[in-house]
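Notes follow once the structure below has been shown.
The values are calculated or read from the model by the stated rules, or taken from the named source; none is laboratory data. Every value quoted in this text rests on a predicted model; they were computed, and no experiment measured them. Positions of Cβ are backbone-derived with ideal geometry, glycine not excepted, and every protein chain shown enters the neighbour counts. Just so you know, the surface numbers come from the protein's heavy atoms only, side chains and all, with ligands and any DNA or RNA stripped out. Shrake-Rupley method; radii C 1.70, N 1.55, O 1.52, S 1.80 Å.
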Amino acid sequence: MNTIHIKFHGNLGDLLTQPADENGSLNLSFNRRASIKDVIESLGIPHAEIERLLVNHKEVTFEYIAKDTDQVDVFGLTPPFDLFSPSLLRPEPLKQIRFVVDVNVGKLATFLRMSGFDTFYKNGMTDPELAEISEQEKRILLTKDCNLLKRKNVIFGHLVREVDPKKQLAEIINLFCLSDKVSPFSRCLVCNGNLVPVAKERIIHRLKPLTKKYYDSFHICPDCDKLYWQGSHREKMEKVLKSVLGACECE
Ligand SMILES: [Zn+2]
């Protein structure tokens, strides 16, 4: 029988399926050979939520085999989480910010696109498909599903805690410190395409009379042909972004 002592740091305690003491610590006994990833995930914490792992004060990888009397410290993703530097748990860092968003946080996908972030989102995707896209295209997987983030091939992911989509956007921007990477209205909300300017005379036949009369600046999505222009819709979105970025703690 192995008994290890585990302490959870950061906001991982709210995910624990077993009670911990007031310091976020607990003792766990098991009689099988198990990686530290499996041991921690059996307590409800997906590995994608872990930034750093110490065993007996030494940094280890997820593959470390837990031994009797080990003292384990588990650190959750803490803002500002650095996506661009290699670490022991993630030796290959990201080169750019891209997301894949689960259907259970679908509105967040729209807000991320609105902020200009490359965001894959599609209805009807299975968990293995989402994990695969995250791995292959090096996209940060955002979901409310703990089990999805336990899949081995998910390297970068986050369990979205907030319920309100605007607060979810703020949560993501804060966690990865993205406020200076926000590029509003550069991406199609429908299909994720990169918007390009288009001359009014080229699309004038598609405009309703009032739009034709009051607006002169237009953008088009080259992938799905949707038109974008200033107007009440855009004003509403600007208000959302302003409130989100205003509440952001990262610089
Ligand atoms: Zn489009």
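Table for the structure above
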read-out: Dipole in debye (nearest 20) - the range 2-76, about Cα centre, beta carbon charges: Lys, Arg +1; Asp, Glu -1; value: 260
read-out: Most fluctuating residue given options SER25, SER186, SER115, as computed from a GNM of the chain linking Cα atoms under 10 Å; value: SER25
read-out: Translational diffusion coefficient (Stokes-Einstein; Kirkwood radius from C-alpha pairs) of the range 98-181 at 10 °C, 1.306 mPa s, in µm²/s; value: 126
read-out: In the range 191-251, trypsin sites (Lys or Arg not before Pro) in a DSSP loop with at most 16 other beta-carbon atoms within 10 Å; value: LYS226
read-out: Restraint check, LYS144/LYS226; LYS107/LYS239; LYS150/LYS242, Cα-Cα greater than 26 Å; value: LYS144/LYS226; LYS150/LYS242
read-out: DSSP-defined beta bridges in the range 2-76 - what % are antiparallel, rounded to 5; value: 75
read-out: Theoretical ellipticity at 222 nm over the chain - DSSP helices of four or more residues, -39500 (n - 2.57) apiece, nearest 500; value: -7000 deg cm²/dmol
read-out: Neighbour net charge for SER35 - beta-carbon separation under 13 angstrom, K R +1, D E -1; value: +2
read-out: Evaluated at q = 0.11 Å⁻¹: base-10 log I(q)/I(0), Debye formula over Cα of the chain; value: -0.66
read-out: Nearby aspartates and glutamates by direct alpha-carbon distance to LYS58 (threshold 12 angstrom, same-chain neighbours under 8 apart not counted); value: ASP70, ASP73
read-out: Most positive-pole-ward Cα, SER85, ALA66, VAL55, against dipole of the range 53-97 from beta carbon charges; value: SER85
read-out: Per residue solvent-accessible surface (Å²) - the chain, probe of 1.4 Å; value: 53
read-out: Antiparallel DSSP beta bridges within the chain, as percent of all bridges there, nearest 5; value: 60
read-out: Probe 1.4 Å - accessible area at ASP127, Å² to nearest ten; value: 50
read-out: Separation between Cα centres of the range 185-251 and the range 89-150, rounded to whole Å; value: 24
read-out: Debye-sum result for the range 196-241 in log10 I(q)/I(0), which assumes one identical scatterer on each alpha carbon, at q = 0.29 Å⁻¹; value: -1.13
read-out: Sulfur and carbon atoms: percent of accessible area, the chain [1.4 Å]; value: 50
read-out: Scattering curve values for the range 1-140, log₁₀ I(q)/I(0), Debye with Cα scatterers, q = 0.16, 0.19 Å⁻¹; value: -0.94, -1.16
